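First up is the structure itself, then whatever we jot down about it.
The values are calculated or read from the model by the stated rules, or taken from the named source; none is laboratory data. No experiment lies behind these values; they were computed from the predicted model shown. These accessible areas exclude ligands, DNA and RNA; they are computed on the full protein's heavy atoms, side chains included. Shrake-Rupley method; radii C 1.70, N 1.55, O 1.52, S 1.80 Å.
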Amino acid sequence: MPNPINPKRLKNKATNYLARYASTEEKLTLILLKYTKKKWPEITIEEALKCVKQTVDWCRKKGYVNDYDYMVMKVRTGRSKGQSAKQITQKLFQAGLSKSLISSALLEDENFFEKEFKAALIMAKKKKIGPFSLIPVTDQTERTRQMARLARAGFDYEICKNVFDYLGET
């Protein structure tokens, strides 16, 4: 007879994890599944998944895990680090959020272009390119190379062009 999973231990593990780290429901599910396989190796995956889902539902009802709040936090921190919307979207998708939820939240923002431009400026300042370059960019090939660096970071052409036109640079 397999040893049944202790729901109280599973809830304690979930709350201890969520006290240290912000998480999505999917990521929490994976953490708890890994924990159950380690603590109760004789339990089947289906039974473990059922108990883990109940624990994740309990965490959601208590407000310990909230995918929308996680997404808003990651968008805000990504923007402050100079990440483009494409980079942020990719990271959120890897965290287990649905593409529709991510894109709707990013696109419903009325200041999208302005925030994208500010993030591009932050990145340009961090990487010392464009108007923040140590040596003024006068050579067209150097300008193209630096704009390509912004484009590889996920910023579109208009944003890159505006960054280089910022502070009157040609």
S98, S80, ranked by accessible area, largest first (probe 1.4 Å): S80, S98
In square nanometres, what is one fourth of the surface area of the convex hull spanned by the alpha carbons of the stretch 1-56? 3.4 nm²
Checked against a 24 Å limit on the C-alpha separation, the offending pairs among K8/K53; K91/K125; K27/K128; K34/K86; K27/K91 are K27/K128; K34/K86
Whole-angstrom Cα spans of the stretch 96-170 along principal axes, big to small: 43, 22, 19
Per-residue HN-Hα couplings for the stretch 68-80, Karplus 6.51 cos²θ - 1.76 cosθ + 1.60 at θ = phi - 60°, whole Hz, x for Gly and Pro? 5, 5, 4, 5, 4, 5, 5, 5, 5, 5, x, 4, 5
Would you mind getting the accessible area per residue of the stretch 1-132, heavy atoms of the protein chains only, 1.4 Å probe, in Å²? 62 Å²
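Any idea what diffusion coefficient the chain gets from Stokes-Einstein, in µm²/s, Kirkwood Rh on alpha carbon pairs, 20 °C, 1.002 mPa s?
Translational D for this selection: 115 µm²/s.
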For the stretch 19-27, Karplus-derived ³J(HN,Hα) couplings (6.51, -1.76, 1.60; θ = phi - 60°; whole Hz; x for glycine and proline) come out as 5, 9, 10, 6, 8, 9, 4, 5, 5
